[in-house]
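A short reminder: the numbers here are calculations on the coordinates, not readings from a lab. Just so it is clear, the structure is predicted and the values come from calculations on it, not from any experiment. Here Cβ is always computed from backbone atoms with ideal geometry, including for glycine, and neighbour counts include all displayed protein chains.
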Ligand SMILES: [Zn+2]
């Protein structure tokens, strides 16, 4: 089920404010950045072609971080 708001949206909206109000370690900052950029044009994309029907699908690349909710789900 796709939710109306994603964690990436929250990070994009409030991540900078969070960094000002609390101590964010470099590792945490790195993970937050990966989650915000996951499956966006920032990470680039690729095309997948079905060997049976030839249908081509374009997808943005994922971040691959184990903390990322999008990368924890197989689709
Ligand atoms: Zn990800």
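Here are the numbers:
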| item | result |
| --- | --- |
| Most mobile listed residue (38, 53, 63) in the chain, GNM with C-alpha springs under 10 Å | 53 |
| Gaussian network model of the chain, Cα within-10 Å springs - most flexible of 17, 65, 37 | 17 |
| Alpha-carbon Rg/Rh ratio, for the stretch 7-60, with Rh computed the Kirkwood way | 1.24 |
| Under the Debye formula (equal points on every Cα, no solvent term), log10 I(q)/I(0) of the stretch 33-75 at q = 0.14, 0.16, 0.21 Å⁻¹ | -0.38, -0.47, -0.69 |
| Ascending count of other beta-carbon atoms within 10 Å, so fewest first, for 35, 42, 11 | 42, 11, 35 |
